[in-house]
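A quick write-up on the structure given underneath.
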Amino acid sequence: MDTLDFDLFVIGAGSGGVRAARISAGYGARVAVAEERYVGGTCVNVGCVPKKLFVHAAHYSEDFHDAAGFGWALGAAAFDWPRLRDNKDREIARLNGIYRNLLDSKGVTLTGGWAGVLDAHWVAVGEWHLRVRHILIATGAWPFVPDFPGREHVITSNEAFHLERLPRRAVVVGGGYIAVEFAGILNGLGVETALLYRGPLFLRHFDRDLRETLAEEMPKKGVTLRFDTTVQAVEKRPDGSLELQLGDGSRLQTDLVLYATGRRPLVQDLGLEACGVGLREDGSIVVDDYYQSAVPSIHAIGDVIGGPELTPLATAQGMALASTLFLGDKRSVSLENLPTAIFSQPAVGTVGLSEEQARARYPAVLVYRTRFRPLKHTLSGNPEQTFMKLVVDGESDRVLGVHMVGPEAGEIVQGMAVALQAGATKRVFDATLGIHPTSAEEFVTLREPVR
Ligand code: FAD
């Protein structure tokens, strides 16, 4: 193999691909990356980053309202959607540049355009055919919209970031975190918003108390939640508005329908099956614990291998793979104690096992819970409640799960994730002094398990 063009050829410059590329290059590998759409991938362009900026924007409406209880008198608030959207676009363009520089500074070759696999060691990008030692598929995922009459009238999160104008009314369809977050964003920005989900309660894989708490809190902010509701068809009316025909026979008028009903791995036409790479029914690539596919020189990480779709997971997998391939230090990323947040309003933060998962795995589970009105809201008058929960193994005393619904839940639970990773017991939590007055201190003052 002495005529190799590159040691590693990465398809997709998203969270996982960029990280794998620059760490591998740092280990001395000759690396190239092909990107057909946008450097930085989903997270930077149509995911985590613009979404979080929109969440901040949406929260202001509540903050203005809360300010009155603290003595502030504000004029009538006015919201300018094009200004938010365009400021966000400028920030994303800046980040695109940073991602390019990250690759450039490590000597990684970045090529624009679609790339595919020809065989175990050949890739095609544009007109070029390159011979490479390792191939990394880091192509991510794409929103999936089921088939139904009027499907062409709905949008996905991809388009939501670029709307020309904000609608007066919107319906979000889906029960995952993206649906919940967009319902909060639209509602906070002043759009009359309903969230429709076909199941009895959204956020299926999360702790039940979290799900129920959020289902109580979101309507307080103005979001209409309709569970056990399916969409049969969407029709466009002469005035441009949309009419949903629902499974129970009723109809619902709106101006925008956003489908957030899951994402599918982006593997079409990559040439993977032809060269022996195994795919699951949903298109996700089958890899072993070290991200190697059935073809030893072809690897895959991130959303395209299925599992939790989270940027920190994709980047950690990228670093592990770089170490495995170019340091000779085989590494894998554990899914234990995976922290995550839902940037809903109020926010959700969670790490470790839900109560249901813990009860399925441990014989003696203790649960500690509290629900309270945060200090701030004693003056703001905001009816929002904060919820916190610890799930503990009664035998070893180890804390198995930490869950929260409330302001800054993601920030608070990130710290808790370190404690769980270190194997903290409930005794360690009890011996930790609180920071007063905070909401987070409740996590170290919970004493009585729920009976
Ligand atoms: P991606 O980042 O999707 O990158 C894949 C790249 O490959 C893309 O740039 C694509 O254009 C390119 N590509 C695909 N096929 C080809 C080809 N054949 N040739 C060349 N290039 C190709 N995660 C969090 O952790 N926190 C959040 O708050 C969060 N919010 C999200 C909000 C939304 C609305 C969405 C959609 C996702 C969010 N995520 C969040 C998930 C996160 O964005 C993904 O988990 C992460 O981007 C996955 O990284 P990846 O490297 O696997 O793929």
Next item on the list: Give the accessible area for ARG280 in Å² (nearest 10); use a 1.4 Å probe, count only protein heavy atoms, and leave out ligands, DNA and RNA.
Entry: 110
Item checked: Principal-axis tilt of helix 311-326 within the chain, Cα atoms, nearest 10 degrees -> 30
Next item on the list: Set the Förster distance to 51 Å, then compute FRET efficiency between PHE79 and THR3 from the Cβ-Cβ distance, nearest 0.05.
Entry: 0.30
Margin query: Through the Karplus equation 6.51 cos²θ - 1.76 cosθ + 1.60, θ set to phi - 60°, convert the phi angles of region 152-162 into ³J(HN,Hα) values in whole Hz; use x for Gly and Pro.
Written below: 5, 8, 9, 10, 10, 4, 3, 7, 4, 6, 10
Next item on the list: Treating cross-link reach as a plain straight distance, find the aspartates and glutamates whose alpha-carbon is under 12 Å from the alpha-carbon of LYS52, omitting any fewer than eight places away in the same chain.
Entry: GLU181
Check: Can you give the FRET efficiency for ASP239 and GLN421, using 1/(1 + (r/R0)^6), R0 = 56 Å, r = Cβ-Cβ distance, to the nearest 0.05?
Finding: 0.55
Checklist line | Cα long-axis angle, helix 208-221 against the chain (0 to 90 degrees, to the nearest 10) | finding: 70
Note to self: Could you derive backbone 3J(HN,Hα) for region 384-395 from the dihedral phi with the Karplus parameters 6.51, -1.76 and 1.60 (θ = phi - 60°), listing whole Hz in sequence and x where the residue is Gly or Pro?
What the structure shows: 4, 10, 9, 10, 9, 8, 10, 10, 10, 7, x, 7
Item checked: Burial ranking of peptide ranges 202-213, 70-81, 430-441, 8-19 (average Cβ count within 10 Å, highest at the top) -> 8-19, 202-213, 430-441, 70-81
Checklist line | Where no second cysteine Cβ lies under 4.7 Å, the cysteines concerned in the chain | finding: CYS275
Notebook entry, point to check: Check LEU136: other-chain or 5+ apart residues with amide H under 5 Å from its amide H, H built from backbone geometry?
Noted result: PHE9, VAL10, ILE11, HIS299
Checklist line | For the chain, calculated [θ]222 nm from helices alone, where every DSSP H run of n ≥ 4 adds -39500 (n - 2.57) | finding: -9500 deg cm²/dmol
Notebook entry, point to check: Expressed as an acute angle from 0 to 90° and rounded to the nearest 10, what is the orientation of the C-alpha long axis of helix 81-105 relative to the principal long axis of the chain?
Noted result: 40
Checklist line | Built amide H within the under 5 Å cut-off of ILE342, gap 5+ | finding: VAL348, GLY349
Check: For the chain, what is the accessible area per residue in Å² when the probe is 1.4 Å?
Finding: 47
Check: Quick one: if you stick a label point 7 Å off each Cα along the C-beta vector at ALA294 and ILE98, how many nm between them?
Finding: 4.1
Checklist line | Label-point separation, ARG447 to THR224 (7 Å along Cα→Cβ), nm | finding: 4.7
Next item on the list: Using per-residue counts of other Cβ atoms within 10 Å, averaged over each peptide, order 217-224, 233-240 from highest down.
Entry: 217-224, 233-240
Checklist line | Highest to lowest packing among 310-323, 52-65, 379-392, scored as the average C-beta count within 10 Å | finding: 310-323, 379-392, 52-65
Item checked: Amide H contacts under 5 Å for ASP119, placed H, 5+ residues apart -> none
Next item on the list: With a 1.4 Å probe and every protein chain kept in, tell me what percent of the accessible surface of the chain is carbon plus sulfur.
Entry: 52
Notebook entry, point to check: If R0 is 22 Å, what FRET efficiency do you get for ASP397 and HIS205 from their C-beta distance, rounded to 0.05?
Noted result: 0.25
Margin query: Please list 3J(HN,Hα) in residue order for region 65-79, calculated via the Karplus relation 6.51 cos²θ - 1.76 cosθ + 1.60 where θ = phi - 60°; whole Hz, with x for glycine and proline.
Written below: 5, 4, 4, 4, x, 9, x, 7, 10, 10, x, 4, 6, 10, 10
Notebook entry, point to check: Near ARG22, within a Cβ-to-Cβ distance under 14 Å, what is the net charge of the other residues, with Lys and Arg +1 and Asp and Glu -1?
Noted result: +1
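The values are calculated or read from the model by the stated rules, or taken from the named source; none is laboratory data. Keep in mind that this is a model prediction, so the values were computed, not measured. Glycine also receives a Cβ, built like all others from the backbone with ideal geometry; neighbour counts cover every protein chain displayed. Accessible surface areas use protein heavy atoms only, side chains included; no ligands, DNA or RNA. Shrake-Rupley method; radii C 1.70, N 1.55, O 1.52, S 1.80 Å.
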